[in-house]
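One structure below.
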Amino acid sequence: MKNDNFILSITVFLPLFIIFASCGKQEAQWGGTIEEVGGVTVVKNPKEPMYGEEVFSLEEELSIGEVEGEEAYMFSRINDIDMDEDGKIYVAEGASAHIRLFDENGKYLRSLGRKGQGPGEFQMPIYVQITSQNEIMVHDYMAQRLNFFSLDGNYLRQMSTTATRNPFIPIKMDSYGNLIVMAAFAPPPVGGKQLKMYDKNLDLVMMIAEEERDMRKTFDIGKPTWYCDVSQNDKIVWGHSNDYLLQILNHAGKLIKKITREYDPVEITDGDKKKYETMYAGPLNMGLKIQFRDHYPAFGDISVDDEERIFVKTYERIEDTNEHFYFDVFDREGKYLAKVPIRANLNRISEWRRDKLYTIEEDEGGYVYVKRYKVSWNIH
């Protein structure tokens, strides 16, 4: 009887097991192609990803910031964040013009620098990075200089950036000392911008991408532009959103890979138009004009995690929210993994560290916070 029951169980459940296993394999299948063209790896992705959105999730585990309370935990404007190997968090606070340091549990430790024009002082710190040389680099946009400190907070030196002509915003200093920057001519979406690489002496290595200035002073909603991020392994990932094409350069600026994906452009709706008209009401009342294209560009931002997965922000909003979007995720090979909803302010300024995501968030009242999320993947 036991043997009969065993045979019956196998007869019933084996076909079901085969069906489920087959479905799982189909879900993970990739329908793209990879080929070498002129020494460049070209990855062509289909419209559909390998996995569903459930393969990725975020869980908030730390929030730094208070509406009222101790001054060290109250932020007026956070311009940038970074982390060291011990998990300590460095926050560039714009209004008070200093860098605040917190431990991995969010406890305030000390501040670095102060408002002023002397050595080690800041006028507008907009960027902070722990470099590969274990130094704290702070970019002071108004003073146009880079400031360097030791990890224990001692001032080391400064470097003027005025020779670069156009003020810039650092994207990252790589392990070779190259500085990848964005030079902006005017606030977007009006002005043009450049993507450049400088060496450790701030001599121009190459112009990676350039966008002409728009002298018409018109808010061009839906105008494509370029986006960029730099991986922890010194790869430059950038793309111009007039098409779904990501280009990956090595530390010397050589193109080594292209990633494409089939996509359907997202329409700019009447509701979107009203939102932008409200957003730019002040400049519009002063005579500036606004024009709308039929569709948004191919994508809206790029972020690279510490495993070299690429997160590409789409213009497809998460249901019932205007602030959060779906992101296309590509693995280190360039294969389209998944389209995932991310209810966090993921952008180039965000930082990825060991299955953690650090972001700068703003609530409805305009108060800003540093958030840390636990990152989970369900891919076998």
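Using only the alpha carbon atoms of the range 31-377, find the Kirkwood hydrodynamic radius as the inverse mean reciprocal pair distance, in angstroms to one decimal.
21.3
Given the options Leu204, Gly253, Val43, identify the residue whose Cα lies farthest towards the positive end of the charge dipole of the chain (+1 on Cβ of Lys, Arg; -1 on Cβ of Asp, Glu).
Selected residue: Leu204.
So which residue, out of Lys356, Lys275, Lys172, gets the largest mean-square fluctuation from a GNM of the chain using Cα contacts under 10 Å as springs?
Highest fluctuation of the listed residues: Lys275.
What is the angle, in °, between the Cα long axis of helix 2-27 and the longest principal axis of the Cα atoms in the chain? Nearest 10 is fine, range 0 to 90.
For helix 2-27, the angle is close to 40 degrees.
So how do 282-288, 343-349 stack up, highest first, on mean other-Cβ count within 10 Å?
With the highest mean Cβ count within 10 Å placed first, the list reads 343-349, 282-288.
Per DSSP helix of 4 or more residues, -39500 (n - 2.57); summed, then divided by the residues of the chain. What does that give at 222 nm, rounded to the nearest 500?
Working: 3 runs with 41 residues, N = 380.
After summing the helix terms and dividing by residue count, I get -3500 deg cm²/dmol.
When the distances between all Cα atoms of the range 203-334 are binned every 5 Å from zero, what whole-number percent does each bin get?
Calculated P(r), rounded to whole percents: 2, 9, 17, 19, 17, 15, 11, 7, 3, 0.
Could you tell me the center-to-center distance, by alpha carbons, between the range 307-326 and the range 288-302 in angstrom?
After rounding, the separation between the Cα centres reads 16 Å.
Let me spell out the model: positive unit charges on the Cβ of Lys and Arg, negative unit charges on the Cβ of Asp and Glu, origin at the Cα centre of the range 105-169. What dipole size does that give, in debye rounded to 20?
120
Based on other C-beta atoms within 10 Å, arrange Lys335, Lys196 from fewest to most.
Numbers: Lys335 17, Lys196 21.
Result, fewest neighbours first: Lys335, Lys196.
What is the magnitude of the charge dipole of the chain about its Cα centre, with +1 placed on the Cβ of each Lys and Arg, -1 on the Cβ of each Asp and Glu, and no other charges, expressed in debye to the nearest 20?
Rounded to the nearest 20 debye, it is 1020 debye.
Taking only the alpha-carbon positions of the range 280-345 and ignoring solvent, what does the Debye formula give for the base-10 log of I(q)/I(0) at q = 0.14, 0.22, 0.27, 0.29 Å⁻¹?
Once normalised to I(0) and log-transformed, intensities are -0.56, -0.94, -1.14, -1.20.
As I understand it, the dipole of the range 31-377 uses +1 on the Cβ of Lys and Arg and -1 on the Cβ of Asp and Glu, about the Cα centre. Which of Pro341, Tyr176, Asn134 lies farthest toward its positive end?
Tyr176
Where does each of Leu337, Leu204 land when they are ranked from fewest to most other beta-carbon atoms within 10 angstrom?
With the fewest neighbours first, Leu337, Leu204 line up as Leu204, Leu337.
No lab work stands behind these numbers, since they all come straight from the coordinates. Here the structure is a predicted model, which is why all the values come from computation and not from measurement. Here the Cβ is made from the backbone with ideal geometry for all residues, glycine too, and neighbour counts use every protein chain on show.
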